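Since the structure comes first, as structure tokens, the remarks are kept for the end.
The values are calculated or read from the model by the stated rules, or taken from the named source; none is laboratory data. Here the structure is a predicted model, which is why all the values come from computation and not from measurement. Glycine gets a Cβ as well: all are built from the backbone with ideal geometry, and neighbour counts include every protein chain shown.
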Amino acid sequence: MNSRRAESFSDGVFAVAITVLIFNLLPIGKDELSYRVLGDAWPQYAAYVVSFLTIGIMWMNHHTLFGHVRLIDRPLLILNLLLLMGVVAIPFPTALIAEHLTGPTESGGPAAAVIYGAVMIAISVFYNAIWAYILLHAEALGSGSTREMLSGSIPRLGRHPALSWIPRWSVGLIGYLVGLLAAFWSAGASLAVYGALAVFYLFNQLPDPVGADEPAPDADQEP
């Protein structure tokens, strides 16, 4: 399958997931509208901003990932579907954490933040799996770079020998684990960690695609 077909489908899923987030804000002011009501809804705004940025930046990085290849085989297609399953789930924990961050239901905040973190960890795992698969099958998937070139172009955590083998983008997985653990102490702190990770991923942690922009031959044929 042409990678652009898979990417177009994925774009649609990202668009739906990011749009659904606004539904959590629609009940604000429905029964009573005042500046106090609007101000008291700050947990909904915070959860919305964090999740909107997270999904948007995931979409940007997904585009970078698939920009490295021209073809998608069945295993990569399955990994992508599993990734998208996590993406469309984000509005659910977003609504939970917004509802239970403060107020009389605050005791549910830690559980909501844990669910949010679990979804993020699953997404991070599948992002890592997709990148690893592309790296191992670069030539077969029509990449403009060889496996060695891709591996050598990955931004690393540092130059020290103990850090030079760790991809910089893998820090996010550790960060989501930290955010999940922080949820047992404070749901607000956990949400702050998730927001900081969104900013971290705002800066491209992946090598830019090379020579994979042209449509693949036999684009409608699965390899």
Top-ranked residue in the range 30-64 [being closer than 21 Å to ARG5 by Cβ and surrounded by 20 or more Cβ atoms within 10 Å (Cβ to Cβ); ranked as farthest from the chain's Cα centre (by Cα)]: HIS62
Every pair of residues 6+ apart whose Cβ atoms lie under 6 Å, when the first sits in the range 1-15 and is free of Cβ contacts under 8 Å to residues at least 60 places away in the same chain while the second is crowded, with 18+ Cβ neighbours inside 10 Å: GLU7/PHE66
Set GLY188, GLY211: member being farther than 21 Å from MET85 by Cβ, small (Gly, Ala, Ser) and modelled with pLDDT of 70 or more: GLY188
Any hit, the range 93-100, residues being surrounded by 22 or more Cβ atoms within 10 Å (Cβ to Cβ), within 16 Å of GLY175 (Cβ to Cβ) and of a type in the set (Gly, Ala, Ser): no
Residues of the range 88-133 that turn out to be within 18 Å of THR54 (Cα to Cα) and not in a helix (DSSP H, G or I), as a count: 1
